[in-house]
Amino acid sequence: MPLTGPKDMFARAYEEGYAVGAFNVNNMEIVQGIVAAAAEEKAPLILQVSAGARKYAGQSYIVKLIEAALQESDLPIVLHLDHGGDFQICKDCIDGGFTSVMIDGSHLQYEENIKLTRKVVEYARPRGVWVEAELGRLAGVEDDVSAEHSIYTDPDQAVDFVRRSGCDSLAIAIGTSHGAYKFVGEAKLDFPRLEKIGNMLPGYPLVLHGASSVPQEFVDMANQYGGKVGGAKGVPEELLRRAAGLAVCKINIDTDIRLAMTASIRKFFMERPGDFDPRSYLAPARQAVRDMVRHKIRNVLGCSGKA
């Protein structure tokens, strides 16, 4: 089955009130774990590649891994560039077979963000590639994306931005953040802001970045076996499920996968210090990714059986 684009995937998610998971991939075991989970749940899937992942694994390697996954499943799969920092990286990914790209001009002045996004749209649209943009800014650090403070998305600007830039979906800032340290105190998302943006852009797919929940069980496991992941706190899953019913059609998940995989590997090394075969510790790590993604699809995103 060939790669697909997000258009029909998002239209159905919007209509039926669920979200599609966009999971970051970095190596073979992560790809295998995610795809196996989605196949079990019969769920649509977005596999996304950050600039850091392209640098680490190489774009060609990642594309070939996803091509292999397509041969072994009949799932609708989107290949998406996460946080493209400039026009050139978006162009390279479009030319390399990606079906969706994100151009992240959220760090730029408003008019410059529109201009850059429009440039990517004008290149992508004739080639049938979807373009996600970002308005507002998420705090936190993940890969090459870093911001000290968040800037919530202005609803009026969102309408103007979508109209003038031509982007197909928009990542908004309503209180999520990148990385494992999202909240101090009670976690809150600005649902009135989300509802207002959704009402002002009817039928338009919105995106949540920085939406890992940082499950405490994996924080505790990592720390139990030698880690130092103190004070990590993510977005409660019930808030994400609520957002999925309010025009949010794509939810990005990366940190939770990293935590599950790392905690599993730490546990293995502590319990079997004499084992040095990478297959021995990567197999349970792959299963941890699979279990995590199945849970997200079934209990958070609500997209089981929607493939």
Residue match in the range 55-68 (condition: under 23 Å from PRO205 (Cβ atoms), touching a residue at least 12 places away in the same chain (Cβ under 8 Å) and assigned to a helix (DSSP H, G or I)): yes
Filtered residue count, the range 149-193, keeping only those that are at pLDDT 80 or above and part of a loop (DSSP other than H, G, I, E, B): 12
Residue that is surrounded by the fewest Cβ atoms within 10 Å (Cβ to Cβ), among those in the range 17-38 that are of a type outside the set (A, V, I, L, M, F, W, C) and under 15 Å from ILE251 (Cβ atoms): GLY17
Exclusive hit being surrounded by fewer than 22 Cβ atoms within 10 Å (Cβ to Cβ) and farther than 16 Å from GLY5 by Cα, set GLU72, GLU41, GLU67: GLU72
First in the range 19-48 and touching a residue at least 60 places away in the same chain (Cβ under 8 Å) and of a type outside the set (A, V, I, L, M), second anywhere and part of a loop (DSSP other than H, G, I, E, B) and surrounded by 24 or more Cβ atoms within 10 Å (Cβ to Cβ), Cβ under 8 Å, 6 or more apart: GLY21/ALA43; GLY21/CYS303; PHE23/ASP254; ASN24/ASP254; GLU41/CYS303; PRO44/CYS303; GLN48/VAL25
So ALA222, is it farther than 16 Å from ALA187 by Cβ, in contact with a Phe, Trp or Tyr (Cβ under 6 Å, 6 or more places away or on another chain) and of a type outside the set (Asp, Glu): no
Condition met for ALA51 (buried (at least 18 other Cβ atoms within 10 Å of the Cβ) and modelled with pLDDT under 95): yes
Residue match in the range 264-280 (condition: within 26 Å of PRO6 (Cβ to Cβ), in a helix (DSSP H, G or I) and touching a residue at least 12 places away in the same chain (Cβ under 8 Å)): no
Options PRO202, PRO236: the member that is out of contact with any Phe, Trp or Tyr (no Cβ under 8 Å at 6 or more places or on another chain), surrounded by fewer than 19 Cβ atoms within 10 Å (Cβ to Cβ) and modelled with pLDDT of 95 or more: PRO202
So LEU108, is it among the aliphatic types (A, V, I, L, M), out of contact with any strand residue (DSSP E or B) (no Cβ under 9 Å at 6 or more places or on another chain) and either surrounded by fewer than 21 Cβ atoms within 10 Å (Cβ to Cβ) or at pLDDT 95 or above (or both): yes
Qualifying residue in the range 75-95 (condition: more than 19 Å from GLU132 (Cβ to Cβ) and of a type in the set (Gly, Ala, Ser)): no
Selected residue (criterion: farthest from ALA244 (Cα to Cα)) from residues of the range 284-307 that are among the charged types (D, E, K, R) and part of a helix (DSSP H, G or I): ARG286
Tabulated pairs, the range 115-126, first at pLDDT 95 or above, second among the charged types (D, E, K, R) and surrounded by fewer than 20 Cβ atoms within 10 Å (Cβ to Cβ), C-beta under 9 angstrom, 6+ apart or interchain: LEU116/ASP86; THR117/ARG164; ARG118/ARG164; VAL120/LYS91; TYR123/LYS91; ALA124/LYS91
Some residue of the range 221-241 being of a type outside the set (A, V, I, L, M), part of a strand (DSSP E or B) and in contact (Cβ under 8 Å) with a residue 60 or more places away in the chain: no
Hits in the range 118-138 (condition: assigned to a strand (DSSP E or B) and surrounded by fewer than 20 Cβ atoms within 10 Å (Cβ to Cβ)): ARG137
Test set (1) in contact with a Gly (Cβ under 9 Å, 6 or more places away or on another chain); (2) under 27 Å from ASN26 (Cα atoms); (3) surrounded by fewer than 19 Cβ atoms within 10 Å (Cβ to Cβ) - GLN157 fails condition number: (2)
In the range 281-307, residue farthest from GLY234 (Cα to Cα) [restricted to those that are in contact with a Ser or Thr (Cβ under 9 Å, 6 or more places away or on another chain) and free of Cβ contacts under 8 Å to residues at least 24 places away in the same chain]: TYR281
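The values are calculated or read from the model by the stated rules, or taken from the named source; none is laboratory data. Keep in mind the model is a prediction, meaning the values are calculated, not measured. We place every Cβ from the backbone using ideal geometry, glycine too, and count neighbours over all the protein chains shown.
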